[in-house]
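The values are calculated or read from the model by the stated rules, or taken from the named source; none is laboratory data. As the structure is a prediction and not an experimental result, all values here were calculated from the model. Heads up, the Cβs are rebuilt from the backbone with ideal geometry, glycines too, and the neighbour counts pull from every protein chain shown.
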């Protein structure tokens with residue numbers, strides 16, 4: 001994620017709405033720019049983080065993909081409910097007065113995104129990837145096969161047949177955009193749009209590529225290499241910049257891979273440690289002994305000290321989650337003690353003797 005909103009507010013991912021509100025109020029009071037020692041930049045960061053984490057929909061998107069796709073805020077000068085604009089005065093423009101020679105595309109383009117030329121960008125893609133527990137702990141390399149729109153490998157994305165070259169687009173005269181002037185009830189205004197013939201590049205192929213038919217992009221199955229880092233959590237998202245859909249004359253979108261970690265029958269991850277349970281006999285708890293257990297690194301013999309208690313934890317150093325280059329967490333073994341359902345007469349006698357000794 002490019003910004004860690006939870007870290008900004010000093011809360012965990014499991015924080016409730018009330019916790020987030022309390023944390024924001026405390027920090028906002030501390031960093032408010034009107035206060036002595038305030039910090040305007042920090043205050044803006046806090047507002048941005050709170051606006052996302054306090055909204056259930058935005059928070060869900062942020063937790064899943066590391067960014068927010070929905071934004072209910074209105075553009076400048078327009079009310080969120082779609083009502084009359086505040087802060088705009090149209091009184092002097094009745095019957096089109098004052099619009100002659102004025103580029104409304106510059107105004108409305110900023111608000112609606114339609115007037116000015118905008119950079120072309122392919123669509124983002126989001127997928128889920130299921131990992132075995134061990135691979136989430138030690139990390140791995142994966143190859144993902146995706147069916148998506150990609151740049152043509154034959155023409156390298158320019159749409160021209162190999163060796164044919166490019167020529168100036170006759171539609172836009174090489175400018176890559178088309179200017180249109182229209183008259184309406186409000187007066188005359190102009191708009192600028194990307195040329196649909198050359199996709200904004202200003203050039204077209206002399207001879208179209210036979211693979212993509214001159215488009216520069218085509219749909220195909222593409223193999224994408226993905227590195228899974230060690231200790232990745234269930235629900236974490238890996239972003240591959242440029243791994244999304246390609247678009248002619250523009251930059252490709254991004255690929256978001258949401259990790260789903262399978263549960264392990266024996267181990268649970270707690271921070272940098274691995275936790276497992278081991279049931280031992282009563283005699284071992286009293287006298288000590290050795291047990292052979294399974295770990296993610298293979299079988300391991302652990303020594304049970306004499307006199308251990310129920311729910312006591314044994315720690316095996318360096319058998320947990322790898323982190324910080326060559327360092328690893330620990331393996332924590334939680335003990336439980338098996339009590340026999342029935343005792344033989346000899347066993348009963350021995351227990352009675354222990355009872356007499358106050359054990």
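Just checking, does segment 320-337 include any residue being modelled with pLDDT of 85 or more, more than 30 Å from residue 270 (Cβ to Cβ) and not in a loop (DSSP other than H, G, I, E, B)? Show your work before the answer.
Applying the first criterion (modelled with pLDDT of 85 or more) to segment 320-337 yields 320-323, 327-337.
Those still in the list that are more than 30 Å from residue 270 (Cβ to Cβ) too: none.
No - not one qualifying residue is present in segment 320-337.
Reported count of residues in segment 200-235, each being farther than 30 Å from residue 263 by Cα and in a strand (DSSP E or B), is 9. The set of residues from segment 183-199 being touching a helix residue (DSSP H, G or I) at 6+ places or on another chain (Cβ under 7 Å) and either at pLDDT below 80 or in a loop (DSSP other than H, G, I, E, B) (or both) comprises 185, 186, 187, 189, 190. Scanning segment 1-37 for residues that are surrounded by 14 or more Cβ atoms within 10 Å (Cβ to Cβ) and over 30 Å from residue 254 (Cα atoms) yields 19, 21, 22, 23, 24, 27, 28, 30, 31, 32. Scanning segment 40-61 for residues that are under 11 Å from residue 17 (Cα atoms) and surrounded by fewer than 16 Cβ atoms within 10 Å (Cβ to Cβ) yields 54, 56.
All conditions but one from (1) under 20 Å from residue 121 (Cα atoms); (2) free of Cβ contacts under 8 Å to residues at least 24 places away in the same chain; (3) touching a strand residue (DSSP E or B) at 6+ places or on another chain (Cβ under 8 Å) apply to residue 176; the one that does not is (2).
Residues are listed down the side, and each one gets a yes or a no for (1) in contact (Cβ under 8 Å) with a residue 24 or more places away in the chain; (2) part of a strand (DSSP E or B); (3) touching a strand residue (DSSP E or B) at 6+ places or on another chain (Cβ under 8 Å); (4) within 30 Å of residue 134 (Cβ to Cβ):
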site: 146; (1), (2), (3), (4): yes, yes, yes, yes
site: 167; (1), (2), (3), (4): yes, yes, yes, no
site: 172; (1), (2), (3), (4): yes, no, yes, no
site: 181; (1), (2), (3), (4): no, yes, yes, no
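How many residues does segment 213-233 hold that are surrounded by 12 or more Cβ atoms within 10 Å (Cβ to Cβ), touching a strand residue (DSSP E or B) at 6+ places or on another chain (Cβ under 6 Å) and more than 15 Å from residue 140 (Cβ to Cβ)? The number of residues fulfilling the criteria is 5. Just one of the numbered conditions (1) closer than 22 Å to residue 131 by Cβ; (2) part of a strand (DSSP E or B); (3) touching a residue at least 40 places away in the same chain (Cβ under 8 Å) is not true of residue 294: (3). With a requirement of 1 or more residues that are closer than 30 Å to residue 337 by Cβ and touching a helix residue (DSSP H, G or I) at 6+ places or on another chain (Cβ under 8 Å), the strands (runs of 3 or more DSSP E) lying completely within segment 236-284 that satisfy it span 268-270, 273-281.
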